[in-house]
């Protein structure tokens, strides 16, 4: 008899855990225990279950003895697989149950079974707290690709996979292999809607655990790998959606929301510098005007929007070098359709704050191309050309703006920018125009031809997300000497000073 490595499988009832236990029982190095905590659970809880008296007389019901003398006893096999139902982990069990051995969580969509998810989340969190985050596998993945899922689980448990795990001797159940089970279980069936309230409580718990499943599949799943975030710190953030703060993966709007139904939304971009929000009042003025122009109803008040912004920033601890995407949709509809008369819930407010340095290279400069399209995301052309952004032309063929910014050019000491007839009257644009006047540069608003851009001495773009970005090449033509020009450098410096000196302080923040 030697010390055995114990593998704990935690699941809810009717989650295919018995089939998984059969799978492990086919290995030549595993002993399995089927719900060893059941008798202890019945004794402590007092619950009335079928065969209760028989179970209590045939199984050990002392939790300490179950853990120490049965689960962790020496044995003849290298591994011992313990199938556990999560709710059977009740008070009075030794800490070694969780601290020792290897653990994994086995989940199943609550649309298929509505039991035991809260206990599984508690077990998952407890294991994470002691530095043993368990693998999580989903019954759906096990059914769709048994071999890959079992191989992945064995790898996570650091045990070798054995092909014998894919089939077993026929028992009382109808299935004797994962191949048969995959075709027996049909997930497409009507949901019993008298359980809808319970489903609403269960789905967030399931989704929380499912996020930790390594291999996930669905009808519309993509084979794309999980992308790296531009700023890894944004992996864990809280966003304001509607009237509450939610985690990154939970920050979603209803499929009935107007932004989903028809792109019916207005938005602003704001920046945070040194515990202040730059040009906050101007951005709130503009989003209010935009909502009014589109006849939004039941719009949050200015103070309510400010409170949501401040609370989002404070909770995330974002007081500098952060960007806010402030969105306001027409709100949720009572049924799908385009008519605003269906919007009876009020507007949806979204405050997305991220750690985000300027998105362009403001030291060495950026590259632009001219888009052939006049609207509808011309930056697709910029991306295809490996450029940073794309210049859009107005209906007469003159320069208007880029997909994301306003544009300025310098020619013989004079600064030119297009009229706002065909471009967004940007707040950063207006700020830079004021700075140009203050610094006594000659500024002119007029039509600008594309050839004037190509032959300019300097070019820069302005926008909240990128700030003031020098342009060193347009459509393959080098601008000036290909380096950041003196007027651009001067404007960058005075703009930086302005952002550090002005702005609305983040309110209700208590320093500790």
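Quick notes on this one:
- Filtering 325, 286, 271 for residues that are in contact with a helix residue (DSSP H, G or I) (Cβ under 9 Å, 6 or more places away or on another chain), surrounded by fewer than 20 Cβ atoms within 10 Å (Cβ to Cβ) and under 21 Å from residue 430 (Cα atoms) leaves a single hit, 286.
- Failed item in (1) under 20 Å from the mean Cα position of the chain (by Cα); (2) surrounded by 15 or more Cβ atoms within 10 Å (Cβ to Cβ); (3) in contact (Cβ under 8 Å) with a residue 24 or more places away in the chain, with residue 243 passing the rest: (2)
- Comparison of 314, 309, 324 shows that the only residue that is outside any helix (DSSP H, G or I) and under 18 Å from residue 503 (Cα atoms) is 324.
- Any chance residue 35 is surrounded by fewer than 21 Cβ atoms within 10 Å (Cβ to Cβ), modelled with pLDDT of 95 or more and on the phi < 0 side of the Ramachandran plot: no
- Test: residue in segment 3-15 that is part of a helix (DSSP H, G or I) and farther than 27 Å from residue 205 by Cα: no
For (1) free of Cβ contacts under 8 Å to residues at least 24 places away in the same chain; (2) part of a loop (DSSP other than H, G, I, E, B); (3) buried (at least 22 other Cβ atoms within 10 Å of the Cβ); (4) not assigned by TED's automatic domain parsing to the domain that holds residue 199, each residue gets a yes or a no:
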site	(1), (2), (3), (4)
87	no, no, no, no
90	no, yes, no, no
105	no, no, yes, no
113	no, yes, no, no
120	no, no, yes, no
148	no, no, no, no
151	yes, no, no, no
160	yes, yes, no, no
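- Some residue of segment 208-216 being at pLDDT below 75, within 30 Å of the chain's Cα centre (by Cα) and on the phi < 0 side of the Ramachandran plot: yes
- Selection count where residues are over 19 Å from residue 94 (Cβ atoms) and either in contact (Cβ under 8 Å) with a residue 40 or more places away in the chain or under 40 Å from the mean Cα position of the chain (by Cα) (or both), scope segment 10-60: 23
- As a summary of the residue check, residue 346 satisfies the conditions (1) out of contact with any helix residue (DSSP H, G or I) (no Cβ under 9 Å at 6 or more places or on another chain); (2) assigned to a loop (DSSP other than H, G, I, E, B); (3) surrounded by fewer than 22 Cβ atoms within 10 Å (Cβ to Cβ); (4) modelled with pLDDT under 95 except for the one numbered (4).
- Number of the exception - residue 65 against (1) in contact with a strand residue (DSSP E or B) (Cβ under 8 Å, 6 or more places away or on another chain); (2) surrounded by fewer than 18 Cβ atoms within 10 Å (Cβ to Cβ); (3) over 16 Å from residue 127 (Cα atoms): (1)
- Set 263, 331: member being surrounded by fewer than 15 Cβ atoms within 10 Å (Cβ to Cβ) and on the phi > 0 side of the Ramachandran plot: 263
The values are calculated or read from the model by the stated rules, or taken from the named source; none is laboratory data. Values in this document were obtained by computation on a predicted structure and should not be read as measured data. Here Cβ is always computed from backbone atoms with ideal geometry, including for glycine, and neighbour counts include all displayed protein chains.
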